[in-house]
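Below: one structure, written as structure tokens.
Bear in mind that the values in this text are calculations on the coordinates, not laboratory data. Computed from a predicted model, the values in this text were never measured in an experiment. A quick note on method: Cβ atoms are made from the backbone with ideal geometry, for glycine too, and the neighbour counts reach across all protein chains shown.
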Amino acid sequence: MGTVNYLDALKLQEKLVADRKTSKIADTVLSLQHPPTYTLGKRRTDHNLLIPESELKKIGAELCYTQRGGDITFHGPHQAILYPIISLRDIGIGARNYVEKLELSMIELASLYGVRACAGQKGETGVWVGERKIGAIGVRISYGITSHGLAFNIDPDLSYFKHIVPCGIADKEVTSLRKETDSVLPTEEVIQEQLISCFARLFGYSNLIWREKGSILSDNGENR
Amino acid sequence: MASRLLWASRAASYLRISVFHRGFASVVKDLKYLDSHEWVKVEGNSATVGITDHAQDHLGDVVYVELPEVGAPVSHGSSFGAVESVKATSDINSPISGKVVEVNEELNSSPGLINSSPYDKGWIIKVEVSNSGELNSLMDADKSHLSLFIHSNSELAATPSSGMSSYDIHLLLTVAYRCFIALMVIMYIEVLALGSMLVVNYFIGLHVW
């Protein structure tokens, strides 16, 4: 979908969740990037933003409050964002299992480039390469329908992360695919498509309908 | 699968066995359930609401609970708050309509109570019921247990496992064990009776020997 303003993406997600709830649409995934934006979760952990809001404009970033889980994080260009709008009840998994699968999608993508990533230890959701975080997750589940999702660092400007305590975990660095691998990276579209393929494979979707505004998954071929 | 469960649990209830489902979601009787895994316990006009053991297991460790204001209205099937775990916030829906009269403030400091004690200390809100007819549309323990079993069984099936689920095996083993014990007791009594009969015979029929 290219670069989408965070608030616009939020509104789109809300509409899609409502449509998915009434089964007007099948499981959908939004694949996009954001302009520099800091976002806070439901817990409103403002204290993890280390600069005052007035400074944000100077560095060209926005701040948004959301209803997703998780702490504060940064989204920006060159970061692959995936917002799956799927019905967990239809596939019969719970929140924990869903988050684990999101982590696995990112771990698989990283391994395509020879980066050995793993899920966090207890309480530290996300995807890590050693002590450095390469992927973040923040999800909202309403009536069994998911919104928000994951953010994978391909090559974002990591200096933005210095202004926050990312995900509320102090003294852990943030890294990106570019930093972790020496191999030549293809264009970001290719990487985002690969991420979607990993995601689709892990969740058992066999039929992917790609649309210019994102991709729609139809959920047959479940391997239950 | 379902028919096997029914047979086993009917046998269990006939023999008055209570089975402890270790490592399996427990369902408490006297509660009513919403299909999104919230329970409600009604006492007179007041109802207590929480989420089931099954739900808390699927969520993972709860780190935050968003509670409604006291006095706020709730309606059947609509969300009144949320729980957060593993970076996912999940809505909690109310099984009944009414007005919130009390919220569990403990959950602000100890959200983990939902995981450790989902039916007792992990209660979420207390509601003054406005429409008691709604309770009839909720599931009770047996139905919800069955749907939970089928639901969780589909997950068990996703991981490589033997034909029967561990719940089935556990239940059948318990039934078999109890039958065996009963048989042993009967045989013991028989032997005792026979023995004492012989002794009595010996004494009264002393002249026979």
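One table, with the values for the structure above:
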read-out: Selection count where residues are surrounded by 21 or more Cβ atoms within 10 Å (Cβ to Cβ) and among the hydroxyl-bearing types (Ser, Thr, Tyr), scope the range A:194-208; value: 1
read-out: Residues of the range A:122-138 satisfying the condition of being more than 8 Å from chain B (Cβ to nearest Cβ), in a loop (DSSP other than H, G, I, E, B) and within 17 Å of A:Ile72 (Cα to Cα); value: A:Glu124
read-out: Condition check for A:Thr73: of a type in the set (Val, Ile, Thr), within 14 Å of another protein chain (Cβ to nearest Cβ), crowded, with 20+ Cβ neighbours inside 10 Å and touching a helix residue (DSSP H, G or I) at 6+ places or on another chain (Cβ under 9 Å); value: yes
read-out: Complete set of residues in the range A:83-97 that are surrounded by fewer than 23 Cβ atoms within 10 Å (Cβ to Cβ) and either closer than 28 Å to A:Thr45 by Cβ or away from every other protein chain (no Cβ under 14 Å) (or both); value: A:Leu88, A:Ile93, A:Arg96, A:Asn97
read-out: Residue that is farthest from the other protein chains (Cβ to nearest Cβ), among those in the range B:37-83 that are touching a residue at least 24 places away in the same chain (Cβ under 8 Å) and acidic (Asp, Glu); value: B:Glu69
read-out: Residue match in the range A:140-155 (condition: among the polar types (S, T, N, Q), within 22 Å of A:Arg43 (Cβ to Cβ), in contact with a Cys (Cβ under 9 Å, 6 or more places away or on another chain) and within 14 Å of another protein chain (Cβ to nearest Cβ)); value: no
